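Notes to accompany the following structure.
Nothing in this text is a laboratory measurement; each read-out follows from the coordinates by a stated rule. These numbers were taken from a predicted model, which means no experiment stands behind them. We place every Cβ from the backbone using ideal geometry, glycine too, and count neighbours over all the protein chains shown.
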Amino acid sequence: MKTRTIKIKKIFKHHLSQIFTIAEKNVKIQLRFKFNLYSSIIFPFLPVIMSTIVLMRFFSEGVTFGQWKDTNYLVFLFTAFNIELLRTIIQKFPIEMRLEKYWKTLPALMIAPFNKMHLLLGIFLSHLIIIAIPFAVFFLLACLISPISPITIIFIIFIFLLIVLIFSGIGFFLGVFAISEENYWRIFTIGLQLLFYVSCIAYPFELFPAEIQPIIRLNPFYHIFEILRVTWLENNILLTITNHPFQFIILIGTAIIVPLISIYFFKIIYDKFGIVGY
Amino acid sequence: MTDKIIETFGLSKIYYLKGKDKHVNALDDVNISIKKGEIFGLLGPNGAGKTTLIQILTTLLRPTSGYAIIDGYHLLKNTKKVKSKVALMLESDMLYYRLTAYDNLKFFCKLYKVSNYQQKINDMVKLLGIENWLKEYVEKLSSGMKMKLALARTLLLERDILFLDEPTLGMDVKTVNLFIDMIKNVENTIIFTSHDLSVVEKLCDRIAFINEGKILKIGTQEEIKNLSGSEIKVEISLACKKQELLSELHSHDFIIDITEQQKNGFLVHLKEKAYYKDLLSILSNYEIMKIKEVEPALEDLFLRMY
């Protein structure tokens, strides 16, 4: 039993070490040009200012839009900006992997003794570090405006982690396409953009015409983002889980399936096409 | 127990090109075996298939057909195990230009689980004379320096089999000599390609000539050089002007070609060693300063083969 525990610890340590090594490398590369880093921290705040001013005026008139009203619209808004921040990871993967391709460092990585999950989680972690400051600011602002219990905070962070894992999976999938099929990979980004348009990240569901609403309901992203907001507003995990089990199943299921599918596709595409340019 | 560390069985790789039915046989039924601890040279012109072979043996490319056994592991069935045996240095240095030299070495050492890597990095960079450049970003380094860094990385990874594709590219003569000394002293098995035939000559235990994906010849340096048969080359220096002698030599059909060297010197390539006497009798009419039989060089063979 003891040897088994030691073995599990060793394996766990090995995986963590590989993920951190890749994350450390990525963060250092980002730090090469300090102003890039500063701008990536400052830039997310700019659209927030304008949206807040506009919505503040809008909701001061006593208007309500679905669940959005003057007491909670800022929570919706800051949560939406955090989702948008996390969403940037989807673009991060193709950028990073194309850089690796053109720097010709990809072969060195591909023959290294680590698996694709380490690469996925390494890029995931490095991006979380880079966006940590604006993310934390938005999160704290939302907490100040609409206070929630510590348990709900932990649960909300867990949901955010699952969301970023889903985004990482999608990004990884796009990343391998970006290096093997540079001509076509943007087609996927267009499809993805359409999917996000009908996911109600930063606007209420009720804003859409009644004919489009059934389509939105088919979109798993809508349910995933909705459960995040509902968890915040209800501030009672048990209640939220029992009231919205379907959304939770979609969230957890997607967080498991998407990264696994992306790794599977990474392997298939890599084996089939090789990497163009070598 | 076999002492073979690499064995390939009918390895082939076809690249399909744009256009109907166009394809290139990058590798065509390659069967080679490499012994443990051997320094094995792959020689061939551009596009011969050297890099493709290396990429397949390091798991970067899948062969169209055939397989290989690397240190007892099947290349296609035990890819992870094969990866744990090999390190690669390609002609592109595979370095992160936006990281410092030290961070590059550290990253790969950590990824490959090299123990006590800090000490090993320090020792290696001192050996290669790049210790003062460790804190510099790779993008600022010269191409020779980058190759030294790439070599340091490959050697630091502590793998049994090192694949070195054009490792001396961009290195100055002093560094090339340092490289030769280092490689001669390591115990790893090394598969090595280079266009610098003098390096191949100094380093490799065995050589394979490859062209259009096929292995043309394979053997030790001696065996390869013997392929030139009984042909010999003779270096001659005259005390007087050489034009008259040159005209006379050109009239004999036992001479394959004549390469002019310094002021009154030239290299005569004879069809057979037996004609050496005939050459001497021709030369007896001239005032000769030096006459010397020259060992066949790998370069001559390379040029003849391609």
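Results, tabulated for the structure shown:
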item	result
Potential extension, B:E212-B:K36 segment - 0.36 nm per residue separation minus Cα distance	60.7 nm
Cβ charges +1 (Lys, Arg) and -1 (Asp, Glu), total dipole of segment A:2-273, debye	1420
Relative contact order (%) - segment B:13-72, alpha-carbon pairs under 8 angstrom, separation at least six	31
Net length gained if the chain between A:F12 and A:R32 were fully extended (0.36 nm per residue, minus Cα distance)	4.2 nm
Volume per residue of the C-alpha convex hull in segment A:2-273, rounded to whole Å³	162
10 Å-binned pair-distance histogram of segment B:232-305 (Cα, whole percent)	18, 57, 22, 2
Residue of A:Y73, A:Y203, A:Y102 that the Gaussian network model of chain A assigns the largest fluctuation, springs spanning Cα pairs under 10 Å	A:Y102
Mean Cα-pair separation over length for chain B, i.e. relative contact order, pairs under 8 Å, 6 or more apart, %	19
Distance (nanometres) between label positions extended 7 Å along Cα→Cβ at B:N46 and A:Y264	4.3
Förster radius 51 Å - calculated FRET efficiency between A:N183 and B:N132, Cβ distance, rounded to 0.05	0.70
Point-to-point label distance, A:T64-B:K140, nm (Cα→Cβ direction, 7 Å offset)	6.2
Antiparallel DSSP beta bridges within chain B, as percent of all bridges there, nearest 5	70
Global form of segment A:32-178, assessed from the alpha-carbon gyration tensor, a/c cut-off 1.5	prolate
GNM top mover of A:H14, A:H127, A:H118 - chain A, alpha-carbon springs below 10 Å	A:H14
B:K174/A:F43 FRET efficiency (R0 51 Å; Cβ-Cβ; nearest 0.05)	0.55
Dipole of the protein assembly as shown, positive direction: furthest Cα of A:V54, B:N177, A:L174, with charges on the beta-carbon	A:V54
Rg and Dmax of the protein assembly as shown, Cα atoms only, in Å	32.4, 118
Cβ-derived FRET efficiency at R0 22 Å, B:Y276 paired with B:T220, nearest 0.05	0.30
Highest-fluctuation residue, B:A239, B:A48, B:A208 considered, GNM on chain B with Cα pairs under 10 Å	B:A239
Principal axis dimensions, largest first and in whole angstrom, of segment B:4-226 by Cα	51, 38, 37
³J(HN,Hα), Karplus 6.51/-1.76/1.60, whole Hz, each residue of segment A:169-183, x for Gly, Pro	x, 5, x, 5, 4, 5, x, 5, 5, 4, 9, 9, 10, 4, 6
Sequence-distant residues sharing a close amide H with B:I210 (under 5 Å, placed H)	B:L43, B:G44, B:L216
Percentage, to the nearest whole number, of Cα pairs in segment A:153-278 over 21 Å apart	48
Cβ charges +1 (Lys, Arg) and -1 (Asp, Glu), total dipole of the protein assembly as shown, debye	1860
Relative contact order of segment A:48-188, pairs being alpha-carbon contacts under 8 Å that are 6 or more residues apart, as %	39
Selection of trypsin sites (Lys or Arg not before Pro), segment A:40-125, meeting DSSP coil and at most 12 other Cβ within 10 Å	none
Two-site label geometry, B:K290 and B:K263: point separation in nm, points 7 Å out along Cα→Cβ	1.3
Gain on full stretching of the segment that runs from B:E248 to B:D21 - 0.36 nm per residue minus C-alpha separation	76.3 nm
